[in-house]
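Let me begin by presenting the structure, written as C-alpha cells, before commenting on it.
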There are 2 protein chains.
Amino acid sequence: MWSTIGELGEFGVIERVTARFPRTADVILGPGDDAAIVTAPDRRVVATTDLLVETRHFRREWSSAEDVGRKAAAQNLADIAAMGARPTALLVGLAAPPDLPVDWADGLAEGLRAECAFAGAAVVGGDTVSAGEITVAVTALGDLQGLPALLRDGALPGDVVAVTGFLGLSSVGYSLLEAGIAGAEDAVRALGERARPGGARAETADAVAAAAAGGPDDAPGWLACLREHRRPRPPYARGPEAVHLGARAMLDVSDGLVQDLGHIARASGVDVDVDSAALVPEPALSEAVALLDGLGRPGRPAVQRMLFGGEDHALAAAFPPDTELPPQWRPVAAVTAPGAGGPRVTVDGADAEPQGWEHFR
Amino acid sequence: MWSTIGELGEFGVIERVTARFPRTADVILGPGDDAAIVTAPDRRVVATTDLLVETRHFRREWSSAEDVGRKAAAQNLADIAAMGARPTALLVGLAAPPDLPVDWADGLAEGLRAECAFAGAAVVGGDTVSAGEITVAVTALGDLQGLPALLRDGALPGDVVAVTGFLGLSSVGYSLLEAGIAGAEDAVRALGERARPGGARAETADAVAAAAAGGPDDAPGWLACLREHRRPRPPYARGPEAVHLGARAMLDVSDGLVQDLGHIARASGVDVDVDSAALVPEPALSEAVALLDGLGRPGRPAVQRMLFGGEDHALAAAFPPDTELPPQWRPVAAVTAPGAGGPRVTVDGADAEPQGWEHFR
C-alpha cells in the first residue's frame, strides 16, 4: 500500500480523499470535474477563504490531522455563519511535502468531512500540490436563505452587543500546549473519548447549544480547553438566528473580542464598551487557568482571556436595545455614539490594549 | 514607507491590496467583512480552487509578481469557463514569508486584478498569512447563465473533439526559461511591451480570439511562448459558446491534451483518437522550438508539445458530428466506442504515452 502522498500521487490523493465526502442536497456536482456546482437558492452566494499553515496555525505534535481538518473547516464555516448565512459547501487546497503520510491526508479529510457534517455543509472540490510545508487553504460557501446579510457596519448607538459560543478557551488551551501538557497526550485522548457521549463528539447544534449553556461538556476543564483549541465549535446555527432576532451587525470572534469588536466600531462609526462583569468565565476556563498557575506557568487571568483570546470562533452581534435574546446570547457590551478618540472599544469605560492575533507582525 | 509585508502587517497588506480591486455588477459585497457576497443569478454557483506554490509552479526569477497573479487567476477562471460558465468572482489566499517585498504583493494583486478584468470577474475576498514559502490559493466562482453545465462524461461515439486556445506554447516557454533565456530579461520585457497594442496587453475577448486565429500576436515567436507560459490566456468566452454550440463534454487543457482527453474518455466511457495532422503548430511555437535547437537544447518537437504540453489552458470539447464550428474551434480528435483496452486516448490510432503534469510523483 501507499504510505506517503508522494507514492500515491496527486490524482491518487484526490480520489482517495474525495471518496470520503458525502453529498448533500446543496451539491449539484461534487469533486471530479473542472469545478463543482452548488445551489444558491436565493441567487446570492456568500464566500470566504482562509489559509492554515503548519507551525503558524497548527503543530502536528499538538493536533491530529483530524483536528486540523476540523479547525480549517470550522474557521471558514464560522465566517459564513457570521454573515447570517447557512454554510453549504467547502473547497480545500492542500499543499504538502511528498513525504507526508497518507494517513495524515486521510485524517485531514475526515476532519473536514466531520466538521462539514456538523455544520450541514459538504466538501465539493479541492486541489493537492507538493510543497515544502503543509498549507491548508479552505473556501466556504453559504446561503443567506432570502434574508439580509449581517455586516459589520450596522450597529447603532443604544444597541446591545451579545456573544454566543465560547470565549477564551482556545487561548488557554494553546497556553496549556505551550506549557507542555501535550506530553500527557495519551491520557488526554483517553479522557477526551470517555467524556464524549457515546464515545463520539455530539454532532448536533442542540448539543452544542446545551454545551454552551452549561459548559463545554463534562470533560475536565483543562481538557475541554485543549479540545476547543484543537477543534473549535462555532455556533453555526446562531448566525441565521441572529438575523431572525433582528441583529444589526455581526462578526466571528477569531482574533479576540476587543479586537474584533473594533471592526464593528470602526465600520459602524460607534463606540463599544465591554462590561467585564458580564464576562463570566466557563468553569473549564477557570479550571485551566488554575492548572496553568499550578504548573508554574501563570498567564493571563480568565477574563483577560475572554477579552483578548482568539480562535474560539464565537459570534458577536449588535441587537436593538429591546431585543429579547435567547439565553445562548449573552449581552457583554453597549454601543454608544463615538466620543473623543472614537470609534473605539473600551472595557469598563477605559482604554483596552487590543492584543489579538495579527499575522506577519 | 513599508518595504516588506512583515512591516506592513496582515491588515495593512489586506487593505492595501483590496483597495486595488474594482467591483463588478456581480459583487454584492466585496472584501472587508467576514465573507463576500456574489450574485448567483440562476440559483447555482460554479466553484473551483487551485494552489500555486513557489518553485513548484513559478519562480520569482522567471516570472514577475504580476505574471504570477495573472497565471493564478487564469488557471482558476479557465476551470470556470471549462464548465461552460461565466467567471464572476475570485477569492485569494496568500501565504508568504514576512520579508516578502510589499512591491511583490502589489504586483501579485495587480496581476489578479488585470486577469479578472480580462475575464469579467472581480476579486471579492482574501486572506494573508505568514509562511516559509509563497503559496497563492485561488478560488473562482462562476455563473452558468441558466444553461446546462458541460461535464466530462457526456461525449458520445461519433463526436468531434475540438480545441480552442493555444497548445504547446507554455511548454516551450518553460523550456526556454530552463535553457536560460531569462538572462535576457530586460530585452524580453522591452520587446514584450512594444509588441502589445498601445503598450498594453489587449484586454478583450475579441482580441484574444483574433490572436488565437492569427497567432499569439505580432511578438517574436519565442517571446510569445515565454509570455504564454507566464501569462496563459484562456479563451474564457469560448466556454459558454461551447454550450450554445451544443457541446456534450468539455474540459480545460491544463495537464496536456492527451492526458486531459483521457479524463473525457474515462468519464464518458469512450475512446478518443487524436489526429496529429490536425495539430498545426502556431508559427510562434515552431520558432521557439527552432530557437531551442539553435541554443543546443533540443527538446520535444512542436507537435509533441501540442500533445503533451500543459498549462496553456486551452479548452477541449466534444461536439456532435454535424456541429458547425466557428474557426476558433479546431477539430483535433474523433470519439469512438471503446475498443479493447479502452476507454483510452490514442494518437493516429496508436497508444500515446501521457506525459502530463502530476504533482507529488
- Query: Restricting the stretch A:79-108 to residues that are in a strand (DSSP E or B) and within 15 Å of A:Val243 (Cα to Cα), which is least open to solvent (accessible area, probe 1.4 Å)?
  - Reply: A:Pro87
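Picking from B:Asp255, B:Asp260, which residue would you name as being surrounded by 21 or more Cβ atoms within 10 Å (Cβ to Cβ), within 14 Å of chain A (Cβ to nearest Cβ) and part of a loop (DSSP other than H, G, I, E, B)?
Working: B:Asp260 fails: part of a loop (DSSP other than H, G, I, E, B).
Result: B:Asp255 is the single residue among B:Asp255, B:Asp260 that is surrounded by 21 or more Cβ atoms within 10 Å (Cβ to Cβ), within 14 Å of chain A (Cβ to nearest Cβ) and part of a loop (DSSP other than H, G, I, E, B).
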- Note on the structure: Residue set B:Gly142, B:Gly93, B:Gly154, B:Gly158; condition modelled with pLDDT of 95 or more and either of a type in the set (Lys, Arg) or at positive phi (or both); output residue B:Gly158
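Would you call B:Leu108 more than 13 Å from every other protein chain (Cβ to nearest Cβ), at pLDDT 95 or above and farther than 17 Å from B:Leu315 by Cβ? Please lay out each step first, then the result.
Details: more than 13 Å from every other protein chain (Cβ to nearest Cβ): yes; at pLDDT 95 or above: yes; farther than 17 Å from B:Leu315 by Cβ: yes.
When the stated conditions are applied, B:Leu108 passes them.
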- Task: Check whether at least one residue in the stretch B:305-322 is open to solvent by 50 Å² or more (accessible area, probe 1.4 Å), in contact with a Pro (Cβ under 9 Å, 6 or more places away or on another chain) and either closer than 29 Å to A:Gly6 by Cβ or more than 14 Å from chain A (Cβ to nearest Cβ) (or both), and report yes or no.
- Result: no
- Message: With the requirement that a residue be in contact with a helix residue (DSSP H, G or I) (Cβ under 9 Å, 6 or more places away or on another chain), surrounded by 20 or more Cβ atoms within 10 Å (Cβ to Cβ) and of a type outside the set (S, T, N, Q), what does the stretch A:21-50 give you?
- Response: A:Phe21, A:Pro31, A:Asp33, A:Asp34, A:Ala35, A:Val46, A:Ala47, A:Asp50
- Query: Does any residue in the stretch B:316-333 that is in the same structural domain as B:Leu167 (by TED's automatic domain parsing) come within less than 7 Å, Cβ to Cβ, of a residue that is surrounded by 14 or more Cβ atoms within 10 Å (Cβ to Cβ) and of a type in the set (Asp, Glu) six or more places away or on a different chain, and which pairs are these?
  - Reply: B:Ala316/B:Asp260; B:Ala318/B:Asp159; B:Phe319/B:Asp159; B:Pro320/B:Asp159; B:Pro321/B:Asp159; B:Val332/B:Asp275; B:Ala333/B:Asp273; B:Ala333/B:Asp275
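Scan the stretch A:179-196 and tell me whether some residue there is assigned to a helix (DSSP H, G or I), within 17 Å of the chain's Cα centre (by Cα) and modelled with pLDDT under 90.
Kept after step one, since they are assigned to a helix (DSSP H, G or I), are these residues of the stretch A:179-196: A:181-195.
Adding the requirement that they be within 17 Å of the chain's Cα centre (by Cα) leaves none.
Scanning the stretch A:179-196 turns up no residue that is assigned to a helix (DSSP H, G or I), within 17 Å of the chain's Cα centre (by Cα) and modelled with pLDDT under 90.
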- Item | Close pairs (9 angstrom Cβ cut-off, 6 or more residues apart or separate chains): open to solvent by 30 Å² or more (accessible area, probe 1.4 Å) in the stretch A:266-293, aromatic (Phe, Trp, Tyr) and at pLDDT below 95 anywhere | A:Glu287/A:Trp222; A:Ala290/A:Trp222; A:Leu291/A:Trp222
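Quick check on this structure: which one of B:Val38, B:Val13 is over 22 Å from A:Gly30 (Cβ atoms) and of a type in the set (A, V, I, L, M, F, W, C)? Walk me through it before giving the result.
Details: B:Val38 fails: over 22 Å from A:Gly30 (Cβ atoms).
The match here is B:Val13.
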- Note on the structure: Only one of (1) assigned to a helix (DSSP H, G or I); (2) under 30 Å from A:Ala131 (Cβ atoms); (3) open to solvent by 10 Å² or more (accessible area, probe 1.4 Å); (4) of a type in the set (Gly, Ala, Ser) does not apply to B:Gly299, and that is (1)
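Taking the residues in the stretch B:51-78 that are among the polar types (S, T, N, Q) and under 12 Å from the mean Cα position of the chain (by Cα) as candidates, determine which candidate is surrounded by the most Cβ atoms within 10 Å (Cβ to Cβ).
Taking the stretch B:51-78 and keeping what is among the polar types (S, T, N, Q), we get B:55, B:63-64, B:75-76.
Cutting the leftovers down to under 12 Å from the mean Cα position of the chain (by Cα) gives us B:75-76.
Values: B:Gln75: 23, B:Asn76: 33.
Checked the stretch B:51-78; the qualifying residue surrounded by the most Cβ atoms within 10 Å (Cβ to Cβ) is B:Asn76.
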- Task: Could you please find all residues in the stretch A:1-20 being free of Cβ contacts under 8 Å to residues at least 40 places away in the same chain, open to solvent by less than 80 Å² (accessible area, probe 1.4 Å) and not aromatic (Phe, Trp, Tyr)?
- Result: A:Gly9, A:Gly12
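Every residue, every condition in (1) touching a strand residue (DSSP E or B) at 6+ places or on another chain (Cβ under 9 Å); (2) surrounded by fewer than 24 Cβ atoms within 10 Å (Cβ to Cβ); (3) more than 8 Å from every other protein chain (Cβ to nearest Cβ), yes or no:
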{"site": "B:Ala117", "(1), (2), (3)": "no, yes, yes"}
{"site": "B:Thr128", "(1), (2), (3)": "yes, no, no"}
{"site": "B:Leu147", "(1), (2), (3)": "no, yes, yes"}
{"site": "B:Val163", "(1), (2), (3)": "yes, no, yes"}
- Query: Looking only at residues in the stretch B:1-21 that are assigned to a loop (DSSP other than H, G, I, E, B) and under 27 Å from the mean Cα position of the chain (by Cα), which one is nearest to the other protein chains (Cβ to nearest Cβ)?
  - Reply: B:Phe21
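The values are calculated or read from the model by the stated rules, or taken from the named source; none is laboratory data. Since the structure is predicted, the reported quantities are computational estimates derived from the model, not experimental observations. We place every Cβ from the backbone using ideal geometry, glycine too, and count neighbours over all the protein chains shown. For accessibility, only protein heavy atoms count, side chains too; no ligands or nucleic acids. Shrake-Rupley method; radii C 1.70, N 1.55, O 1.52, S 1.80 Å.
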